[in-house]
Amino acid sequence: MVMPLVVVLPGIGGSELADDDGRSVYSINTRALLTRILAPAALDASRPLRATGLIGSYGLAWKQLITGYDGLMRELIGALQLRPEVVATAGRDQPNPLVSLLAFPYDFRQSVGACAQALDQELRKWLYGRPVVMVGHSMGGLVAACWWAHLSDGVDVKEIITLGTPFRGATKALDFLVNGVHVGGLGLPEISTVLRGWDSVFDLLPHAQVIEGNSERNSGGNREKNHDGLYPFQLPTELMAAVPGFAERARRAYETNQSLHKAMVARAERNGGHPFTHYYSQGHTTSSMALLDGDRLAVNKTDPDWVPRGWEAGDGTVPRFSAISRLAEQEPRAWRRLARRHGELVDEVAVVQHVRDYGLAPLPAAARGGSEAEAAPYLRLDLDEVVLAERPVPLRISVVSADGEPLPAGEVAGRVARVGLRAAADGDSWAAELPPLSEGLHELRITATGVPGVDRITTRMRIGAVS
């Protein structure tokens, strides 16, 4: 029995970056965080940088919550019973046939295709004829999928596990590009300018008709009346004046995404199947739709009308309908539902237990099927992961069945920053208010009791408070 090489691919913002002289430009620590906020141009797309490692701890960058991967790596090491010398980081450590767990950091400013090319060049140095298992969080799952579809010839791919991967993009990326980065109504123009230069953000645009409105659309230089939903590249030109080349770049990203899905289907047909298991969350209201009103685009947490029942909501960043690839739409056995928010999907025990199987026996993911936990009720929170510090924040909580139907509860309460909070019933949901939080990271814990069939449901999430 050959132990496969397990490769961890982080999401956007999840890799440390350094300049050509080896000086750290992007990492999660107090000094670097201050530098990035004051001079975000250090991450301009035109500046040559190289990836040096995974972001370790959770942190705040660009006023956004950034996922840390130390916990996932540590849990995988324990689950697979690995010694330190068989754990390595691509691009930093020398290839070694004894390595069983490999971190793959990458320059997340670049396109998904460029990152997949970098993955292929690095991965083949470490395989030594072994099969591979990939764990890709968010954009990392897209990089893994692109590599598998286009570049994986000759490699035995046992499984590609994706965690909150936006196969159809995320409306949050559209909001960043069109409206710029905001926290609590506060605009961050310098950070917005830098993000608008990244090819990766365009690749993460929603590649679905998520824009609704009654205005005209831009189609090949002609103006046509909009009767259906729009794609981002069909937005009126004047709305995108702040983003040079938006329509062309958005169309190119859409066409690339469509080609990826077709290439995945073609690869699966040639291989007689596919290696994907998609983990997603449905427990949180998620930016899914945008309303076009003249020269204004308002992104909200309502699902487009075409989203079928059962596919609504998401993980706070990626809608459920985006987290399942076209390839696996009709294969529920390839889906795994989790309860936590987008960044914290990497902390789910189920993911580590899933990978642990490769250290015990060479069973493919398809042999396992679903689990009873996937049908359990859950809590759906309406709360952004980053809020303004020192201000109370409203919070809405819904207790729902596996099918998304509201459930009664005897009590809903929680705790954050050592302060308890109690929710009040308000129709089919519960309303509460977070206390003013000091700047930094906090953990929110919410528990509903008296829920039919399970009695108690608990969920946790990290919140970043910024000033």
Quick check for me: using +1 on Lys/Arg Cβ and -1 on Asp/Glu Cβ, what's the dipole size of the chain about its Cα centre, in debye to the nearest 20? 640
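Loop-only check: which chymotrypsin sites (Phe, Trp or Tyr not before Pro) in the stretch 85-185 are DSSP coil with at most 15 other Cβ within 10 angstrom? Please list the in-between numbers first.
Values: sites: Tyr106, Phe108, Trp126, Tyr128, Trp147, Trp148, Phe167, Phe176; in loops: Tyr106, Phe108, Tyr128, Phe167.
Sparse-neighbourhood loop chymotrypsin sites (Phe, Trp or Tyr not before Pro): Tyr128.
Work out how much length Arg23 to Thr302 would gain on full extension: take 0.36 nm times their residue separation and subtract the Cα-Cα distance, in nm to one decimal. Working shown, then result.
Values: separation 279, 0.36 × 279 = 100.44 nm, distance 4.31 nm.
Length gained, Arg23 through Thr302: 96.1 nm.
Counting alpha carbon pairs within less than 8 Å and at least 6 residues apart, what relative contact order, in whole percent, applies to the chain? Don't skip to the answer; put the middle values down first.
Working: 1025 pairs, mean separation 61.2, N = 467.
Once divided by the residue count of the chain, the mean separation gives 13 percent.
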Using 0.36 nm times the number of residues separating Arg422 and Asn271, minus their current alpha carbon distance, what extension gain do you get? 49.0 nm
So, in nm, how far is label Ala431 from label Arg92 when the simple model puts each one 7 Å beyond its Cα toward the Cβ? 4.8
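As an exercise, take the mean of 1/r over every pair of distinct alpha carbons in the stretch 414-467, invert it, and state the Kirkwood radius in angstroms.
Details: mean 1/r = 0.0805 Å⁻¹.
For the stretch 414-467, inverting the mean 1/r across all distinct Cα pairs yields 12.4 Å.
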Which percent of the accessible area of the stretch 252-348 is formed by carbon and sulfur heavy atoms (probe 1.4 angstrom)? 47
Can you give the longest run of the chain that contains no GluC sites (Glu not before Pro) sitting in a DSSP loop with at most 16 other Cβ atoms inside 10 Å? 1-328
Where does the longest stretch of the chain lie that holds no trypsin sites (Lys or Arg not before Pro) found in a DSSP loop with 10 or fewer other Cβ atoms within 10 Å? 24-308
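What's the extension gain from Ala350 to Ala402 if we count 0.36 nm per residue and subtract their Cα-Cα distance?
Net length gain for the segment: 17.0 nm.
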With a Förster radius of 45 Å, plug the Cβ-Cβ distance of Arg309 and Ala241 into 1/(1 + (r/R0)^6) and report the FRET value to the nearest 0.05. 0.70
Straight-line reach from Lys262: which lysines have Cα under 26 Å away, leaving out those fewer than 8 places along the same chain? Lys158, Lys172
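The values are calculated or read from the model by the stated rules, or taken from the named source; none is laboratory data. In this text the structure is predicted, and so the values were computed from the model without any measurement. Don't worry about glycine lacking a Cβ; one is built from the backbone with ideal geometry, like all the others, and counts go over all protein chains shown. Accessible surface areas use protein heavy atoms only, side chains included; no ligands, DNA or RNA. Shrake-Rupley method; radii C 1.70, N 1.55, O 1.52, S 1.80 Å.
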